[in-house]
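First the structure, in the form of structure tokens, and then the observations on it.
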Amino acid sequence: MERLIILDFGSQYTQLIARRIRELHVFCEIHPYTYASKLVLSDDIRGVILSGSPCSVRDADSPNPDLSHILGRVPVLGVCYGAQLLAQQGGGEVTPATIREYGRARLSSLDAASPLLDEMHVDSQVWMSHGDTIQRLPAGYNIIASTPEVAVAAFKIEGQETYGIQFHPEVTHSTEGKLLLRNFVVDICQCAQTWTPDHFVDSTVEALQATIGPDDQVILGLSGGVDSSVAALLLHRAIGPRLHGIFVDNGLLRQDEFATVLKAYEGLGLNVTGVNAAPEFYAALAGISDPEGKRKAIGRTFIEVFDREAQKVQGARWLAQGTIYPDVIESVSIHGSSVTIKSHHNVGGLPEKMNLKIVEPLRMLFKDEVREVGAALELPAEILNRHPFPGPGLGIRILGDITPEKVALLQRADGVFINLLKEHGLYEHVWQAGAMLLPVQSVGVMGDERTYERVVALRAVTSVDGMTADWAHLPYDFLAEVSNKIINQVRGINRVVYDISSKPPATIEWE
Ligand code: XMP
């Protein structure tokens, strides 16, 4: 499969480069820069991108891999540090910038004949972020763009398709950055742009069939979320009923969620076992108020329940997981190349205990790509567009200890909120929403009676990835309707408040 290789020197923007290239329907992989020495150029590798870095090429211990077996053989684009590295390795000179250039700059000249800059304009805004500058280019390196401050904003090496650019085309502030990347990927690397969700589905199904033996059974934990559901559909397409989905009701799901999602899975023809384990979870949680203590109790119980169910599958050889690309590359350090996976993706010691191999069909996809693949596989909208929901569920939205009564109360309040968001067409404009049950009671009056009941806090946020978030500016009329409905319909709650904190410094969940 045609692809580009991105060698990661540790820039915060490396993932963004990959996303932009995937948006051009070209597959690409990120590897730590140390991978350069192992990189064997085959026909399907159409080009290599060298990322930026927080390091300086002037430091003795900065990343400095040998690129001689790559340069001149496939097109190469060095971005920021990558460009400086190319210049320095070729014998040029990189010095600390006299004027440190961060942020917006404008190209004051560009070589219109360069295929990299085709259709770009003088005055085009580009995003700079560097403390060093290329002072002198080696012989045979030609400047193809400049800004008023930076003479060498872009260069090309004569006789080969190797380019360096000082600015970051992957960020939206570089207004023609996408065009530059398109020029590189499509015109210079000659990629066919065939990386589409349908293509991914076909090639992944084929690969799964080739990897998983003809009699092997595969176990997958389903959560009702997008990732595990899409992984299930792919595996189902590849191996049919030899995929054994396990969907555990931990008693901390949303109102009616277990039944609705299980039904949706069955409607998709998936071989899924629903396990009602709520009493076990409540027993494990009894009396625990500390958030981390609750998370641990929930995690431990999940492993026990899941292990027990998994042992019932005869001939199980594989444990499938819905790991996605950010989980895989998040932990790649530029100084080592070990790839570790977030602990919550590993289901206890099950793989070792049952001698299971791991299969992760989504490990190369970003979240929005998972959704696109889900749409291509006709995953119902109710699962496809579902808000993120934490593994410990309502367990971390009930502040303090958990009882079945509190869960029932919160499920009802949360149900009112979520249903009204959907009815008003607001659900899709919000990244994540839910209700929190607070450990306080407050005085109210209903009819002639004084009440002393619980408080619910509503939380709704907008976000791109959950790392940062703003509180959603929901209309007052809407909030009034939610509040009235909760207080009127959910006996035991007499006060509703709306959380107007952003992340940071607050978090999305309250615990
Ligand atoms: P915070 O509260 O850290 O949440 O701003 C960011 C995102 O992570 C989810 N979250 C969790 N997910 N286990 C999970 O699987 C957890 O313990 C957990 N805590 C928070 C949260 O719902 C939000 O989407």
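The values are calculated or read from the model by the stated rules, or taken from the named source; none is laboratory data. Values in this document were obtained by computation on a predicted structure and should not be read as measured data. Glycine also receives a Cβ, built like all others from the backbone with ideal geometry; neighbour counts cover every protein chain displayed. Note: areas computed on protein heavy atoms with side chains; ligands, DNA, RNA excluded. Shrake-Rupley method; radii C 1.70, N 1.55, O 1.52, S 1.80 Å.
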Check your understanding: Residue farthest toward the positive end of the dipole of the chain, with Cβ of Lys/Arg at +1 and Asp/Glu at -1: which of Thr196, Ile288, Pro390?
Key -> Ile288
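Using a 1.4 Å probe over the heavy atoms of the protein chains, calculate the carbon and sulfur portion of the accessible area of the chain as a whole percent.
Details: 11290 of 22380 Å².
The computed percentage sits at 50.
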Check your understanding: Mind checking the log10 I(q)/I(0) for the range 56-198 at q = 0.09, 0.22 Å⁻¹? Debye, one equal scatterer per Cα, no solvent, two decimals.
Key -> -0.26, -1.48
Point to revise | Candidate lysines for bridging to Lys485, where Cα separation is under 29 Å - those fewer than 8 sequence places away on the same chain excluded | key: Lys263, Lys406, Lys422, Lys503
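Which value, in Å to one decimal place, does the Kirkwood hydrodynamic radius take for the range 352-435 when every pair of different Cα atoms is included? Numbers along the way, then the final one.
Details: mean 1/r = 0.0637 Å⁻¹.
It works out to 15.7 Å.
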Check your understanding: In whole percent, what relative contact order does the range 421-511 give with Cα contacts below 8 Å and a gap of six or more residues?
Key -> 29 percent
Revision key, fill the gap. Listed by chain and number, the lysines with an alpha carbon less than 22 angstrom from that of Lys353, same-chain partners under 8 positions apart left out, are Lys296, Lys312, Lys342
Check your understanding: Which FRET efficiency, nearest 0.05, do Ala139 and Gln12 yield, Cβ-Cβ r, R0 41 Å?
Key -> 0.75
Review point. Which log10 I(q)/I(0) values, to two decimals, does the range 424-470 give at q = 0.13, 0.20 Å⁻¹ under the Debye formula with one point per Cα?
Key: -0.49, -0.74
**Study point:** For the range 187-285, convex hull volume per residue from C-alpha positions, Å³
**Key:** 148 Å³
Review point. If you find the alpha carbon centre of the range 467-511 and of the range 100-136, how far apart are they in angstrom?
Key: 46 Å
Review point. How much area per residue is accessible in the chain when the probe is 1.4 Å and only protein heavy atoms are counted (Å²)?
Key: 44 Å²
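In deg cm²/dmol, rounded to 500, what helix-only [θ] at 222 nm does the chain give when every DSSP H run of at least 4 residues adds -39500 (n - 2.57) and the total is split over its residues?
Values: 14 runs with 151 residues, N = 511.
One gets -9000 deg cm²/dmol as the mean residue ellipticity at 222 nm.
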**Study point:** Packing-based ranking, highest mean first, of 357-365, 53-61 given that Cβ atoms within 10 Å are counted
**Key:** 357-365, 53-61
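What does the extension gain come out to for Glu405 and Glu149, with contour length at 0.36 nm per residue minus their alpha carbon separation?
On the way: separation 256, 0.36 × 256 = 92.16 nm, distance 6.59 nm.
Between Glu405 and Glu149, full extension yields an extra 85.6 nm.
Let me check against my output: what whole-number percent is the relative contact order of the range 1-130, with C-alpha pairs under 8 Å and at least 6 apart?
Values: 204 pairs, mean separation 27.7, N = 130.
Relative contact order, the range 1-130: 21 percent.
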**Study point:** Distance from the range 139-173 to the range 51-91 (C-alpha centre basis), Å
**Key:** 13 Å
Practice item. Take the range 81-132, compute every pairwise Cα distance, and split them into 5 Å bins from 0; I just need the percent in each bin. Key: 4, 17, 17, 22, 25, 13, 1
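Helix check for the chain. Which DSSP H runs span at least 20 Å along their own axis by Cα, with a mean Kyte-Doolittle hydropathy no less than -1.0? Intermediate results must be reported in sequence, preceding the final value.
Numbers: long enough: 197-211 (21 Å, -0.16); 291-311 (30 Å, -0.93); 404-423 (28 Å, 0.13).
Long hydrophobic helices here: 197-211, 291-311, 404-423.
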Check your understanding: What FRET efficiency comes out for the pair Tyr452/Arg300, r = Cβ-Cβ distance, R0 = 35 Å, nearest 0.05?
Key -> 0.45
Point to revise | Euclidean distance of C-alpha centroids, the range 438-466 and the range 176-239, integer Å | key: 43 Å
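How high is the relative contact order of the chain, in percent, with contacts defined as C-alpha pairs under 8 Å that are six or more residues apart? Let's see the in-between values first.
Working: 984 pairs, mean separation 54.2, N = 511.
Computed over the chain, the figure is 11 percent.
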Review point. What accessible area, in Å² to the nearest ten, does a 1.4 Å probe give for Tyr427?
Key: 20 Å²
Review point. Long-range amide H contacts for Arg363: which residues qualify at under 5 Å (H placed 1.01 Å from N, peptide plane, sequence gap of 5 or more or a different chain)?
Key: none
Check your understanding: How large is the charge dipole for the range 436-511, taken about the Cα centre, if only the Cβ atoms of Lys, Arg (+1) and Asp, Glu (-1) carry charge, to the nearest 20 debye?
Key -> 180 debye
Practice item. Work out, in µm²/s and without decimals, the Stokes-Einstein translational diffusion coefficient of the chain at 20 °C, 1.002 mPa s, Rh from Kirkwood over C-alpha pairs. Key: 83 µm²/s
